[in-house]
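These notes concern the structure reproduced below.
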Amino acid sequence: MKNIKLNITRVLAAMLVLTSFVACDEVGDTDPGGTSTESMSGEWYVQTLVNGTVVADYALISTYNTSANDGKEIWLDDEGHIWNFKVKTPITLSSSSFAGSNLASSVVDDDPDTEDVIETYDVNVNITEGKVTPKGATTTGGHTVDGISFKAEFSDDPGTIYEIKGYRRTGFIEDEH
């Protein structure tokens, strides 16, 4: 009986070892790759200026790929931190630039003062002089990173040009705002 238990234990141990080798067999390329706009995509800490005066200090915005993944446009999203807009803007990958006229934005207003009331905020945005500059900015912590800058004009505030500029988020505590 003792030998049977010992043999069963040995067989189970051998099966465990053999299946672990089989389970580690790599099949094909497991690198998912990137998106067509990854060089222009990211989280950015930006300041908003009007006529050279800061009207909104560092806020977090995002740029990211559209579902088309064709390298022709990106989402530009202020995540409600500046004006509450989210637009698809045309890009030129070769020059890391972006711009567009009369870009439609419709976002849900998540103002806590409007409890249980879901409202949308619709605005058209003109984006000009948009640029992502590789290693073109210095963070507040002194790191050299990619920079972003663009000008925006909103349909509900015509004639006021907002200059938005900043740097790619690093994740370092000294660069967080």
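The values are calculated or read from the model by the stated rules, or taken from the named source; none is laboratory data. Not measured: the values here are computed from a predicted model. Cβ sites come from the backbone with ideal geometry, for glycine too, and all protein chains shown count toward neighbours. All accessible areas refer to the heavy atoms of the entire protein, side chains included, with ligands and DNA or RNA removed. Shrake-Rupley method; radii C 1.70, N 1.55, O 1.52, S 1.80 Å.
The length gained by stretching the chain between W75 and R10 to full extension, at 0.36 nm per residue less their Cα-Cα distance, is 17.5 nm. Looking at I61, G141, T92, which one has the Cα that reaches farthest to the positive end of the dipole of the range 41-177 (charges on Cβ: Lys, Arg +1; Asp, Glu -1)? Among I61, G141, T92, the one farthest towards the positive end of the dipole of the range 41-177 is T92. Calculate, for A68 and I161, the FRET efficiency according to 1/(1 + (r/R0)^6) with r their C-beta to C-beta distance and R0 30 Å; round to the nearest 0.05. Rounded to the nearest 0.05, the efficiency is 0.55.
I need the calculated FRET efficiency for the pair V54 and A104, taking r as the beta carbon distance and R₀ as 30 Å, to the nearest 0.05. Calculated value: 0.60. Relative intensity of the range 31-177 on a log10 scale, I(q)/I(0) at q = 0.09 Å⁻¹, equals -0.28, per a Debye sum over C-alpha point scatterers of equal strength in the absence of solvent. Sorted into 10 angstrom bins from 0, the C-alpha pair distances of the range 31-76 split as 26, 36, 25, 11, 2 percent. H177 contributes about 100 Å² of solvent-accessible surface, heavy atoms of the protein only, 1.4 Å probe.
Length available on full extension from T120 to E38: 0.36 nm per residue minus the Cα-Cα distance, which gives 26.6 nm. Measuring nothing but protein heavy atoms, the accessible surface of the range 56-177 at 1.4 Å probe radius is 48 percent carbon and sulfur.
Annotation: D122 carries an accessible surface of approximately 100 Å², with a 1.4 Å probe and no ligand, DNA or RNA atoms counted.
Given +1 at the Cβ of Lys and Arg, -1 at the Cβ of Asp and Glu and no other charges, the dipole of the range 55-101 around its Cα centre is 160 debye to the nearest 20.
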